[in-house]
Amino acid sequence: MDLDRMLDRCQTQQWSVDDLDWSPAPRALSAADEQLVVQMFTDMAAIERLAGAMFVEQARRARDPRLQAIFESFVIDEERHAVVAERLARHYDVHRLKAYAVTPALTAFAPPFLQAIRTVSDDVANGYITAGELILDIALLRSLDDFVADPMSAQAMQRINRDESRHIAIDYHMVAYYASDEYLLDLHRRPSPPLRDQLRAARAMALVMVHAAPFFRGVFFDPLGRIDPSSKRIREVFKNIQLLAAKPGVRRRPIAKWFLLCMEVFNHPLTGRFLGGVTARMVGVDRSVMSWLTTAEEMARASRATFDELAEQALRAKTIH
Ligand SMILES: [Fe+2]
Ligand SMILES: [Fe+2]
């Protein structure tokens, strides 16, 4: 990854909400669809702000000044996406059928999640951020745009997608770093955090697990079930997450070990029968994405691919029809 070039792209590809042409009238939607679309854009604004807060944290942890500047530009991007989502919510709220508010499960999830992101180790925080961005960009935004099927949403999403391509590229770049020997060496050289901090991180993670399942259900799985009943996009996301676990450097990190253990318990005929539900709940996701979505051949190919290639593959999933 050429960080100078990436930083240059981050600066030159900035845009403003008013660059979009907001004048076209929205296409006619049924009352039920209008409510679903406005609710989803309302939640999207809150999720984009959550993503922004995660990049504030990434900027704080970055030691390379270019990387720090890149993350700071992502914070600006995510706030712009949040404002666009709010405007899209107003744009499609044609009949004022009800008052909309952010889904309570999302409001409840955000503070403990951010607290956890601040306290856990760098690679764990990055793992959650990468997975979160994949779910948001590839599953939620793409499915929502398909469902709305209107030029206004398409125009906004095209701009947002360009920003998100940079975010995903850097998310994967960071996964590569945290999977490297260089990071492991650095980790060994650092004194381990005091017990009090470790307990605080464990408590924060436990709180996240309490709120994760209702959050994922209310904000991702339930609405996605309505707008993408085939669930092809969410499956595509989890397939890309599973492919990352094919990389030997990733597999040795505790977060990947934990994920792979949960997958093993869930997919084993015996343990899966009794502990499948609990395991899915611990990961915080729907049972449908806990099965292996990759073939042995795809995993073997992913293990040999570079992280840049895996990032490109993940981004390609957005263009699948
Ligand atoms: Fe975003
Ligand atoms: Fe993003």
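The values are calculated or read from the model by the stated rules, or taken from the named source; none is laboratory data. Worth saying up front: this structure is predicted, and the values here are computed from it rather than measured. We place every Cβ from the backbone using ideal geometry, glycine too, and count neighbours over all the protein chains shown.
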Completion exercise
Scanning the range 302-320 residue by residue, the ones that are more than 20 Å from Asp137 (Cα to Cα) and either outside any helix (DSSP H, G or I) or touching a residue at least 24 places away in the same chain (Cβ under 8 Å) (or both) total 4
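Only one residue in Asp171, Asp181 is within 16 Å of Glu48 (Cβ to Cβ) and among the acidic types (Asp, Glu). Which one? Walk me through it before giving the result.
Working: Asp181 fails: within 16 Å of Glu48 (Cβ to Cβ).
Just one listed residue meets the conditions, Asp171.
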Handout entry: Residue pairs meeting the criteria (Cβ under 7 Å; at least 6 apart or on separate chains; first at positive phi, in the range 158-169; second more than 8 Å from ligand 2 (Cβ to nearest atom))
Key = none
Problem - Single condition Ala125 does not satisfy, out of (1) more than 16 Å from ligand 1 (Cβ to nearest atom); (2) under 30 Å from Gln313 (Cα atoms); (3) surrounded by fewer than 20 Cβ atoms within 10 Å (Cβ to Cβ); (4) at pLDDT below 90 - result: (3)
Practice task
Looking for whichever is within 16 Å of ligand 1 (Cβ to nearest atom) and in contact (Cβ under 8 Å) with a residue 40 or more places away in the chain here; the options are Asp43, Asp21, Asp64, Asp4. Which one fits?
Solution key: Asp43
Practice task
Kindly state which helices (runs of 4 or more DSSP H) lie completely within the range 39-153 and contain at least 1 residues that are basic (Lys, Arg), within 30 Å of Pro229 (Cβ to Cβ) and within 16 Å of ligand 2 (Cβ to nearest atom).
Solution key: 142-148
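I'd like to know if the range 129-143 contains one or more residues that are among the polar types (S, T, N, Q) and within 27 Å of Gln35 (Cβ to Cβ).
Checking the range 129-143: at least one residue is among the polar types (S, T, N, Q) and within 27 Å of Gln35 (Cβ to Cβ).
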Completion exercise
From the option list Ala296, Ala314, single residue qualifying as closer than 15 Å to Ala245 by Cβ and loosely packed, with under 13 Cβ neighbours inside 10 Å is Ala296
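So is Arg142 crowded, with 18+ Cβ neighbours inside 10 Å, within 18 Å of the chain's Cα centre (by Cα), over 29 Å from Arg252 (Cβ atoms) and touching a residue at least 60 places away in the same chain (Cβ under 8 Å) or not? Show your work before the answer.
Numbers: crowded, with 18+ Cβ neighbours inside 10 Å: yes; within 18 Å of the chain's Cα centre (by Cα): yes; over 29 Å from Arg252 (Cβ atoms): yes; touching a residue at least 60 places away in the same chain (Cβ under 8 Å): yes.
In short, yes.
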Exercise for the section: Those residues that are more than 19 Å from the chain's Cα centre (by Cα), buried (at least 21 other Cβ atoms within 10 Å of the Cβ) and either at pLDDT below 90 or part of a helix (DSSP H, G or I) (or both), I need them from the range 218-272; list them, please. Expected result: Arg253, Phe266
